[in-house]
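The values are calculated or read from the model by the stated rules, or taken from the named source; none is laboratory data. Computed from a predicted model, the values in this text were never measured in an experiment. Counting neighbours? That spans all protein chains shown, and the Cβs are built from the backbone with ideal geometry, glycine included.
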Amino acid sequence: MFGKYCKNIVNKGSLTLLVACIYLIITLTGCETSLEEPSDLGTDFFPLQNNITEYFTLDSVIYDGISSIPDSNRYFFKREISIMVPDSSKDFFNYRVNEFLTRDTSSGWNKAGYSFYKVENNTVNHMIGNTIYSVFTFPVLQGRKWNYNSYNSMPELMAYYKVPLVEPENNIEVIVNNDVNFIEENVHIETYRRGVGLVFSKKVELKTNGSVKRGYRVVWNRY
């Protein structure tokens, strides 16, 4: 595109404008190159490793749609992550996540289930049951969007990164949903910390009809 304008300038014999045109091309080319690949991809926001254990408090509030008084509970949640044998046919690793739940850590842990992480093409996919969610992607950039449901049959759901006000150099938020109005809440927000990973998660699906609510509110905090 710029070559056409330079040719017209040369035909008009304007040396000054030709030099200016060449400078413009060099400047724009340099800017485009610098944006192609950030030096910091942000991979330490999601530091998957072999044989690591994570602990969370899990506070849940259940609204049954009948009573105005919700059912509130606190649990303790543990995840044990271990690497599986790499798939030789593809460039990714599988991580198995064994999950445990208890009301009282002194009384032991109860097996709650398991899931898998798959890391492929700069994307971290979380397989829960037979459903895969694209929970994280690299590079980590403010406002960057991706389809959270790109590997399942559910409708497109565009998640995005947001730099929080608290320790913005060390934390990043993933906003999956944040739709709130007078009759309905649909919220899914997670916070990740450099060198640590997931430290906070809030999921809300709630409908309000007068003083009565139906749905749930679940908050995870890492400890």
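Taking the condition of being out of contact with any Leu (no Cβ under 9 Å at 6 or more places or on another chain), outside any loop (DSSP other than H, G, I, E, B) and surrounded by 14 or more Cβ atoms within 10 Å (Cβ to Cβ), how many residues in the range 143-173 meet it?
The qualifying residues number 7.
Output the residue which, of all residues in the range 58-87 that are of a type in the set (S, T, N, Q) and assigned to a strand (DSSP E or B), is surrounded by the fewest Cβ atoms within 10 Å (Cβ to Cβ). It would help to see each step written out before you state the result.
First, the residues of the range 58-87 that are of a type in the set (S, T, N, Q): 60, 67-68, 72-73, 82.
With assigned to a strand (DSSP E or B) added as a condition, the list becomes 60, 72-73, 82.
Numbers: SER60: 16, SER72: 10, ASN73: 12, SER82: 14.
It comes out as SER72.
For the range 174-212, which positions are part of a loop (DSSP other than H, G, I, E, B) and either without any contact (Cβ under 8 Å) to a residue 24 or more places away in the chain or of a type in the set (S, T, N, Q) (or both)?
Selection gives ASN181, GLY210, SER211.
Does ILE172 qualify as being closer than 24 Å to THR53 by Cβ and of a type outside the set (Gly, Ala, Ser)?
Criteria met by ILE172.
Working only within the range 148-164, note down all residues that are free of Cβ contacts under 8 Å to residues at least 12 places away in the same chain and polar (S, T, N, Q).
Matches in the range 148-164: SER153 only.
When the range 48-57 is examined, which residues are found to be surrounded by fewer than 16 Cβ atoms within 10 Å (Cβ to Cβ), at negative phi and not in a strand (DSSP E or B)?
GLN49, ASN50, listed by residue number.
For the range 79-110, give me the residue count where each residue is hydrophobic (A, V, I, L, M, F, W, C) and modelled with pLDDT of 95 or more.
5
Which of the residues belonging to the range 28-47 are at pLDDT 90 or above, at negative phi and outside any helix (DSSP H, G or I)? So that I can check it myself, show each step before the final result.
Within the range 28-47, the subset at pLDDT 90 or above is 41-47.
Restricting the remaining residues to those that are at negative phi gives 41, 43-47.
Listed by number, the residues that qualify are LEU41, PHE46, PRO47.
Given (1) under 25 Å from THR57 (Cα atoms); (2) in a loop (DSSP other than H, G, I, E, B); (3) of a type in the set (S, T, N, Q), identify the lone condition not met by SER106.
(2)
Can you tell me which of VAL187, VAL140, VAL196 is surrounded by fewer than 19 Cβ atoms within 10 Å (Cβ to Cβ), under 18 Å from VAL119 (Cβ atoms), assigned by TED's automatic domain parsing to the domain that holds TYR117 and not small (Gly, Ala, Ser)?
Of the residues listed, the single one that is surrounded by fewer than 19 Cβ atoms within 10 Å (Cβ to Cβ), under 18 Å from VAL119 (Cβ atoms), assigned by TED's automatic domain parsing to the domain that holds TYR117 and not small (Gly, Ala, Ser) is VAL196.
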